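The values are calculated or read from the model by the stated rules, or taken from the named source; none is laboratory data. Not measured: the values here are computed from a predicted model. Glycine also receives a Cβ, built like all others from the backbone with ideal geometry; neighbour counts cover every protein chain displayed. The protein model used for the area step is the full one, side chains on, heavy atoms only, and it has no ligands, DNA or RNA in it. Shrake-Rupley method; radii C 1.70, N 1.55, O 1.52, S 1.80 Å.
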Amino acid sequence: SRPSCTSPKVQHTEQTMFNKSLSGINKRPLAMETEKPSAEMPDLRDSEWKLYHPRRHVKLKIISAICVVTGCLGVAFLAGSVYGGAGAGATQYAAEQRTISAMRNSDTSSDFEDDVGYGGFCWECSEHSGSRGWSWWFGWGACPCHAGWKGACCDISMEAVDGGFSDWGPQGDCDAACGYGMATKTRTCDNPKPKNGGRPCLGAYTEAEKCYLGPCADGGPLYGLADVIAAESSVFSANVKFTVNDLWEKGICYIMQQSDKISAAFYNSIGSSVMYEGVNFVRGFKWWGMGSVGDLFLGERWVKPIAGEVIDIVPYTAVTGFNYGFPFMDDFFTARTSPTWEDDEGHDFAIGMLTSSLENADTTCLTHGLEPRFPFDHDLLMKAAWDGFTWFDYHELKYASNGDFGYHLVNQRAAEHDNTMDTLGLLMTETVFSVHLTYDSAKDEFELDLTDMEAYVPLDGYAPLGGKATFIFDNSKGTYGRLKTTSITFGGVTYTEADFAEDAQVYNAELDKYETVKEAEADNRWIGWRFAEKCIMASLLGQTNLILHVKGLHLELAAAFQGVTISAFTNNVDHPLRRLLDQFTHRSVQATNGNFDLLFEHKAAEFSLAPLSYSEQLKMIDWYIREKPLSMATLSMDKFAEERNMAQFSEKPSTGQDGRPTKFFWRWHYRAAKAQEMYVDMINCWVDQNYAGDWNAMLTTPEVIDWWDKMKTYLPSMAQAVSQDSDWISGGALTQESLTRVVSTIMTWVSHIHEDVGHSAAYVVYNPVHTPMMVPADGIGVPLNSFAFNTNAYRTFVFLERAKLLEEPASFWFNPTESDKVCYTTMQDTYRGWGQTDDAFSECGETGFYSCVEAVETSVSS
C-alpha cells in the first residue's frame with residue numbers, strides 16, 4: 001500500500017519503472033532510480049514527458065519512458081512493431097513503490113522541477129543532457145509542497161481559484177477541399193488557470209462555423225488507396241515538421257495541421273499501439289504466448305481482498321471534482337479509489353500518457369471536421385483506420401476485439417434472406433439492437449422508437465439522431481426467420497415498403513440526378529429512406545452506448561456495487577456472500593471512474609459514444625434519469641420482457657406445418673434470461689453448500705444486513721424498485737427472494753449483458769458501410785477521422801483484456817473444504833455447454849453477431 005503523508009517528516013512515493021524485455025534490451029532508468037545505470041545506455045538527451053496520475057490534479061514529470069527501447073524518442077514511437085504483441089521487443093513496465101524522502105540531481109544539470117500532488121506523491125526529475133549518465137545519489141532533502149497544489153501533504157488552506165476562458169482566437173481555415181466544411185476558432189482555460197482544486201472552465205473550448213469553398217464535382221472528393229499509401233509514407237519522410245512531444249503536448253489536431261490529414265489516423269494507431277500494452281495487460285494477464293512466464297512480469301490475476309481496508313463510497317462529484325452542471329452527478333455513487341489489491345501501474349501509466357495529451361490539446365478535429373472522406377469501401381476503410389496498430393489486425397478475433405466480421409455477416413445474412421436492402425430489419429433480428437424493441441399486439445408489429453433523441457443537437461456537419469421504425473415478422477427464409485422493416489420515420493418524413501424497393505424512385509428535387517437509392521449509393525451517397533435508415537442506426541448505437549452501457553451499467557450499477565460490497569464486508573472478506581460476489585465486482589470502480597474521466601472531462605464521448613457534444617450527452621443522461629428513472633426490477637429478465645410486451649418471443653419458436661417458425665425469436669433476451677436462470681441456480685447452490693440451505697442463517701449475519709442497507713442507499717435503482725415494484729423486492733425487506741432477484745439481476749448485467757452492449761458492439765462499430773456511428777448531414781461518404789478515432793477508442797479502451805467468466809477461478813472464492821466450488825464450476829460447465837450446443841450462443845465470433853461465451857468477462861471491468 002502507498003505510504004501516507006505525515007508530519008513533521010513528509011513521506012512520499014517514488015515510482016520506479018524498469019524495462020522488462022524478452023529480447024534482452026538493456027534496462028533504462030527514469031529520473032529516479034535506486035541503482036547506478038550502465039555506461040552502455042544511450043543518453044536521453046532533453047526529451048521530457050508529462051505523466052498524470054489517474055486521479056486528476058496530480059501532475060508528474062518523468063524522463064521519457066519510451067526511450068527505453070531505442071534511445072530515440074521519435075523512432076521508438078513510430079516503429080510500432082517494437083511494441084507489437086507479436087514482437088519480441090514488446091515492453092512492459094513493472095512498477096515498484098517505496099517510501100523515500102530524498103531527491104536526486106544529474107551531474108550535468110541542476111535545472112529541475114518538482115510537482116507535488118495529494119495522496120503522498122512527491123516526484124522530482126531533472127533534464128539530462130550530454131552522455132555521461134546519472135551521478136551517484138546526493139544527500140537527503142525535504143519534500144516541499146509545490147505552489148498551487150493541495151492534498152494530504154500540502155497546505156489545504158489555499159483558496160480555490162476557478163478557471164476562466166481567454167478571448168477567442170482567430171477563425172481557422174476551412175477544413176474542406178471543396179463544398180461545405182467547418183472553420184474553427186479556439187480559446188483556452190488560462191484566464192486564470194484553475195488552481196487549488198478550483199473548477200475547470202465549463203463551456204466550449206472551440207466554436208465552428210460553416211464555410212463554403214465552391215461546388216464539388218460529383219458530390220465531393222473521396223480519397224482512395226493511393227492517397228492512404230502516400231499519406232502513410234509521408235510519416236517517415238525526412239520533411240516531418242513535428243516531434244512526438246508535439247503529439248502528446250500539442251495534440252493530434254496540431255499534427256493534422258502540419259501534415260496530410262489522412263496520416264492523422266496513422267499516427268493515432270501508432271500511438272494506441274504504444275498504450276495498448278499498459279492499458280490491456282494488467283496484473284495476472286499473459287501475452288506473446290508466454291504461458292506461466294507472464295507471472296514474472298504481471299503477478300497473479302486474482303489477489304485476495306485485504307481485511308480492514310476501507311474504501312470510501314462517494315458521489316461522482318467527489319471523483320470528478322465537479323458535476324458538469326447536472327445534479328445527477330451528486331446522486332449516483334462510486335468509490336473514491338480502487339482497492340489496493342487491484343492497483344495496476346502499467347494501466348495508470350498508459351492512461352496518464354493519454355490524459356496528458358488530452359489536457360494539453362484541442363481534440364475537436366477528431367470529429368468536428370468532416371474531411372477527409374472515404375467511399376463506401378470496407379477494406380479501404382479498415383486499412384486507413386488500422387494501419388499502424390500492431391497488436392492484431394482487423395481480420396483477427398483476438399483479445400476482446402471482434403474484428404471486422406460484422407461487415408461480412410451482414411452481407412451473408414442478407415443474401416440468405418434474399419434481401420440486401422433491409423439492413424435495419426436484419427440487425428433488429430440478430431444483434432443487441434433488439435433490446436430496444438417493443439411489440440404492439442393490436443397491430444401485430446414490432447416498434448422501435450428513438451424520438452426522445454431528437455431533442456439533442458448533433459455535432460456540426462453530422463446528421464441528427466432520433467427517428468422510429470416498424471417491423472413485421474417474415475418467416476420465409478433462415479432458421480428462425482427475421483424482422484422486415486415496414487416503415488421508417490426520420491426528419492419528419494415517413495418511408496414505407498414501397499420506398500424500400502431496389503428500384504425506388506427518388507423524389508427529392510435537389511437530388512434529381514439520381515433515379516434510385518441504389519444509384520446514389522454507387523456514387524457513395526446515402527439519400528432518401530437509406531439515409532434515414534443509416535441515421536437510425538447511428539441513433540441505435542448512441543442509445544446502446546450512452547444509455548444502456550455508460551449510464552445503466554457503469555453509472556447506476558457497477559461502481560457502486562463494488563464499493564458497497566467492499567465496504568460492507570471489509571472486516572470479513574471470507575464471508576460466503578463476499579466470496580460469491582468478488583469476481584462480479586472486479587475492477588468496476590477503476591473502469592467506471594476512468595471512463596467518466598476520459599469520456600466527459602476529456603470529451604472522448606464525442607467520438608466514441610454518439611455524434612453529440614459531451615454536454616449534449618450529459619444532458620441526455622440527465623433527461624433519462626429524471627423522466628425514466630431506472631428500477632432494479634425492470635432489469636430482471638422477466639420484468640424486462642413484460643415491460644416491452646415481448647415475453648412470448650423469448651423462447652425458441654415451434655414450427656408450423658410448412659416447417660417454418662411460427663413467431664419471432666428474440667435471441668438477445670433468450671440468451672440473457674438463460675444466463676440469469678443460471679446465476680439463480682448458482683446462488684441457491686452457494687447457500688446450500690455454506691449454510692446447509694438455511695437462508696435465514698445467512699440473511700441475519702451483520703455483514704449481509706449492512707450490505708443490503710448500503711445497496712438501497714447507494715444504488716438509486718434499488719430505492720426505485722422499492723417504490724415502483726415493491727412486490728418484486730419484498731417491499732425492500734431482506735429476504736431469500738429479494739436477495740436472489742437482486743444478485744442474479746446484477747450478475748447478468750455486469751457479466752453477460754455487458755459483453756453484449758460493450759464488446760459485441762464491435763460488429764457494428766467496425767462496419768461504417770452498413771452501420772455508421774456518425775452520418776454526415778449531406779450523406780456523402782464516410783468521414784475518416786471520426787471513424788478512425790472511434791475504432792481506436794473501442795480497439796484500445798473498450799476491448800480490454802480482463803478476467804473471463806470461464807477461466808480458472810481463484811481459490812480464495814471458496815470455503816476451506818471447497819465444497820462450494822462445485823457451484824461455480826457447474827455454472828461454468830452450463831455456460832460452456834450452451835456455447836457448444838445451443839445455436840443462440842454458438843453462432844458467435846466469426847459466425848454470429850455476439851461474442852462467444854469464452855470472451856464474456858466476469859464484471860464491468862473495462
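For the pair residue 515 and residue 420, a Förster radius of 25 Å applied to the C-beta separation gives a FRET efficiency near 0.85, rounded to the nearest 0.05. Computed from the C-beta positions of residue 303 and residue 572 and an R0 of 25 Å, the FRET efficiency is 0.90 to the nearest 0.05. Projecting the Cα atoms of 634, 592, 609 onto the charge dipole of segment 583-659 (Cβ charges, centred on the Cα centre) puts 592 farthest toward the positive pole. Counting 0.36 nm for each residue step from residue 229 to residue 737 and taking away their Cα separation leaves a gain of 176.7 nm. Normalised size of segment 633-768, defined as Cα radius of gyration per 2.2 N^0.38 Å with N residues, equals 1.27. Think of segment 441-548 as a dipole: +1 on every Lys or Arg Cβ, -1 on every Asp or Glu Cβ, centred on the Cα centre; then among 471, 526, 492, 471 lies furthest on the positive end.
Taking 22 Å as the cut-off for C-alpha to C-alpha distance, list the pairs among 304/804; 484/534; 639/674; 484/513; 712/804 that go past it. Exceeds cut-off: 484/513; 712/804.
The simple spin-label model puts a point 7 Å past each Cα toward its Cβ; for residue 340 and residue 202 those points are separated by 3.6 nm. Note that segment 476-615 presents 29 Å² accessible area per residue, ligands and nucleic acids not counted, probe 1.4 Å.
Once the Cβ-Cβ distance of residue 705 and residue 195 is raised to the sixth power relative to R0 = 60 Å, the FRET efficiency obtained is 0.85. Accessible surface computed residue by residue for segment 696-764, with neighbouring protein chains in place and a 1.4 Å probe, gives 29 Å² per residue.
Between residue 836 and residue 725, the contour length at 0.36 nm per residue exceeds the Cα-Cα span by 36.3 nm. Just want the answer: with Cβ charges of +1 for Lys and Arg and -1 for Asp and Glu, which residue in 516, 547, 442 is farthest toward the dipole's positive end in segment 401-556? Ranked along the dipole, the leading option is 547.
Largest first, the extents of the alpha carbon coordinates of segment 394-485 on the three principal axes equal 39, 39, 23 Å. When all protein chains stay in place and ligands, DNA and RNA are ignored, the 1.4 Å accessible-area order of 439, 462, largest first, is 439, 462.
Rolled with a 1.4 Å probe across the full set of protein chains, the surface gives residue 741 an accessible area near 90 Å².
Rounded to the nearest whole Hz, the Karplus-based 3J(HN,Hα) values (6.51 cos²θ - 1.76 cosθ + 1.60, θ = phi - 60°) of segment 819-833 follow the sequence 5, 8, 4, 4, 5, 6, 5, 5, 4, 4, 5, 4, 5, 4, x, with x at glycine and proline.
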